[in-house]
Each structure stands twice: as C-alpha cells, then as structure tokens.
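Asker: Input: one structure, supplied below.
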C-alpha cells in the first residue's frame, strides 16, 4: 500500500455557499434587499418583524417574509396579519436554515415575484450558534438580542455577532424592570463586531423603529 | 448543535473528491476550523463517527486544526493573533480591530488515502539521467 496526500482546500459548506452565491445574484438582479434575522428563541424576532412589515406597508414598500421554525406555521400566520406575503419553512428538527431550503421555498410562491419586491426578510430558526455558518444569500445579517437575555450574549456567541452586519436590541420597554445595563451591552457587541450598526427597539412601543426603517431604506438605496 | 450537518457535509465532500482515486481508502481527513466558526471540536469528532459510519469513510480519522482569530489593526498596520474570542482589540495598541484576517475558516485542508501498489510501467522505472551519471 502507498499513502497519498491530496490537498483539497475546499470549504466544508461549499455546496451551500455556491447555492447562496446563486441566490445573492438573483436577489441583486431583482433589486430586492434580503435580510437574515437571527436570534435565540424568545428574543422577539417575530414581533419585531411583524412591526417592520406593517411599517414598510404604511410607507408603500413591498416586503415579504420567509419564516423558519422546526414545527408549526404559527409565526407565518402571525406575520401574515401584517398583510405581507409570508411563507413558513418547517425544518423538522434541523436547527438552522440553509440556502437549499430558501431556494426550495422561493419556488412556486405565487404571491411573490422577486422583481416586484423591495425587501425580503428571512426569519431564521431560533438559535444563536448554527445559523451563523449558513449563508442564505442575504445582503444583511441581523443579530437580535433582547434586554431579558443578559448583556453578555455577544461574548457568549461571538461567531454570530461577528458575522452580522447589524445588531438589534429588542424589548427595550423592559430595560428598567430587567436592570438592563445598556452601556455594557453596547460595549460587548462592539468588542465582538467593531463598528456594527446597533438599533435599540421595542415592538410594543415602536421605539427605535424609525431609525431601523431609515437604515433599511439607506441600504436598499445603496444596493 | 449543527455539527452533525457539518459532519454530513464533510462525508459528502470527501466522498466526491476521493472518487478520483478508485480503489483507494481514505484514512485521514484534515480540517482547518477558525475560532469564530461556531464549531465545538469534540461534538464534531463525535458526529464524524456517526456520519461516516456505513460509508466508505468509516474508520477514517478526522484531524481538526483549530485556528485562532487574527485581527487586522489599521492603527498598527499589522495583523495580530488574539487569545480567545472575547474581544477583537489589537493586543499591541488596544484599539478595536478593523477586521479579521483569520477565524471564520471551515474547510477541508487535505485527505490522506491508502492506495494499492500498482506495478509501474517499465519506462517509469528508468533512472533519470543525472542519477545514471
């Protein structure tokens, strides 16, 4: 027997990355801004997205959402109340979305034509670890963190926060009762992803939403 | 816990690459994994055994090289390796880094194969000119 060493130097997730690159090209040529929302379960991604979709609709922007969960279409039904087209992705046990799932769910989605959309939101499965490895072809990855979760989340999950383009702090209406240390949270996010744009929001009071929507419009314009 | 998905992707990728060497058996798979890749080394080893079981890769060793984060500091104009992943500050001047130049890797570096000995054709056994001299 002889031993042979073969250099491969290939990404483990090359297949996903290639699919994601194809999606990104599709999204860019259709002129739709795609965002991938990632957080732990219970951060309030759905409430935040619900309000975002409503506000965009008021501004006559066209937005749609794909929403990932292990099971149930509860979130899709909640989000659909905003009037935006929404499609549920059930992963049946898989802890993250991947580019293949997104591709599959874009097919045959009759209410939606990418070319007519301004924004497409992809709400990932509630998980702060696994989604960080999977590119979905998004332009902006958003890491969300609620004031009830502890200011050190970014330090505990650096992989996600470092790979994100924007960070959203949710439930700031609960900041005082939770004893949330705002400066510490902002500092921790910045230590892991220097210079990242941070939004402090409440889906209940609407705080911070104007800044968030202005950011969306700004990124969309520069696309 | 997405290490099982990652392990399954490694099995798929290596099987594809090893197909170019019929009759060979993969004995080792070397990975390069950055400290910011959100991979737990032990979990990946455990999942590798599960994912490779029942495939031609069963029994192959997974060798994981963990790579520290290297930050690029604009102020110092240089790259620095940092300890851990709790801050992306330049260890020399303390400024927050402009970006990272290593730390997100998730790649297969190489594979090691055992191939059956094949009788070399005669002409390949001829010694090079310089050795004959």
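Asker: Want the number for residue A:220 to residue A:100: 0.36 nm per residue separation, take away the alpha-carbon distance, what's left? Write down the numbers at each step before the final one.
Answerer: On the way: separation 120, 0.36 × 120 = 43.20 nm, distance 2.46 nm.
Additional length available on full extension: 40.7 nm.
Asker: While we're here: Contact order normalised by length for the range B:3-117, with contacts defined as Cα pairs under 8 Å and 6 or more residues apart; what percent is it? Write out the running numbers ahead of the final one.
Answerer: On the way: 214 pairs, mean separation 41.0, N = 115.
Over the range B:3-117, the number comes to 36 percent.
Asker: So what is the calculated 222 nm ellipticity per residue for the protein assembly as shown, using -39500 (n - 2.57) for each DSSP H run with n of 4 or more, over all residues, to the nearest 500 deg cm²/dmol? Before the final figure, lay out the partial values.
Answerer: On the way: 13 runs with 120 residues, N = 356.
It comes out at -9500 deg cm²/dmol, rounded to the nearest 500.
Asker: Shielding of B:19-28 by partners, i.e. mean partner chain Cβ atoms within 10 Å per residue?
Answerer: Working: counts 0, 1, 2, 0, 0, 5, 1, 1, 2, 2.
Counting other chains' Cβ atoms within 10 Å and averaging over B:19-28 gives 1.
Asker: Give the relative contact order (percent, whole number) for chain A; include only Cα pairs under 8 Å separated by 6+ residues. Each step should come with its number before you reach the end.
Answerer: Numbers: 411 pairs, mean separation 53.0, N = 223.
Relative contact order of chain A: 24 percent.
Asker: OK, next. Determine the shape class of the protein assembly as shown: with a ≥ b ≥ c the square roots of the Cα gyration tensor eigenvalues, call it rounded for a/c under 1.5, and otherwise prolate if a/b is greater than b/c, oblate otherwise. Spell out each step's value before the answer.
Answerer: Working: a/c = 2.31, a/b = 1.71, b/c = 1.35.
Note, shape of the protein assembly as shown comes out prolate.
Asker: Could I ask something else about it? Would you mind giving the mean number of other chain beta-carbons within 10 Å of the Cβ of each residue in B:111-117, as a whole number? Write down the numbers at each step before the final one.
Answerer: On the way: counts 5, 4, 6, 4, 4, 2, 2.
Average neighbour count from other chains, rounded to a whole number: 4.
Asker: Please quote Rg/Rh for chain B to two decimal places, taking the Kirkwood radius as Rh and restricting both calculations to Cα atoms. Write down the numbers at each step before the final one.
Answerer: Numbers: Rg = 21.2 Å, Rh = 17.8 Å.
Computed over Cα atoms, the ratio is 1.19.
Asker: Angle between the Cα long axis of helix B:41-52 and the longest principal axis of chain B, 0 to 90 degrees, nearest 10?
Answerer: 30 degrees
Asker: Let me ask you something else. Specify the angular offset, from 0 to 90 degrees and rounded to the nearest 10, of the alpha carbon long axis of helix B:3-18 from the longest principal axis of the alpha carbons in chain B.
Answerer: 40 degrees
Asker: Shifting gears a bit: Based on the Kirkwood radius over alpha-carbon pairs, what is the Stokes-Einstein translational diffusion coefficient of the range A:14-222 at 37 °C with 0.692 mPa s viscosity, in µm²/s?
Answerer: Working: Rh = 17.1 Å.
Translational diffusion coefficient: 192 µm²/s.
Asker: Between residue A:72 and residue B:67, with labels modelled 7 Å along Cα→Cβ, what's the label distance in nm to one decimal, could you check?
Answerer: Taking the simple label geometry, residue A:72 and residue B:67 are separated by 4.1 nm.
Asker: Could you let me know the centre-to-centre spacing of the range A:26-101 and the range A:157-223, using Cα atoms, in angstrom?
Answerer: Value for the Cα centre distance between the two parts: 18 Å.
Asker: What's the average, rounded to a whole number, of partner chain beta-carbon atoms within 10 Å of each residue's beta-carbon in A:11-19? Could you put the intermediate results ahead of the total?
Answerer: On the way: counts 6, 18, 7, 7, 4, 2, 1, 0, 0.
Per residue, the average neighbour count from other chains is 5.
Asker: Which FRET efficiency value, to the nearest 0.05, is calculated for residue A:148 and residue B:76 with the Förster distance at 35 angstrom and r the Cβ-Cβ distance? If you can, show how the numbers build up before the last one.
Answerer: Working: r = 39 Å, r/R0 = 1.11.
With a Förster radius of 35 Å, E is 0.35.
Asker: Please list, by residue number, everything in the range B:15-50 whose backbone N is under 12 Å from a paramagnetic label point 7 Å out along Cα→Cβ of residue A:3.
Answerer: B:27-29
The numbers here are math on the coordinates, done by the rules we state, and not lab data. Everything numeric in this text was worked out from a predicted model, so none of it was measured. Every residue, glycine among them, receives a Cβ derived from its backbone with ideal geometry; neighbour counts consider all protein chains shown.
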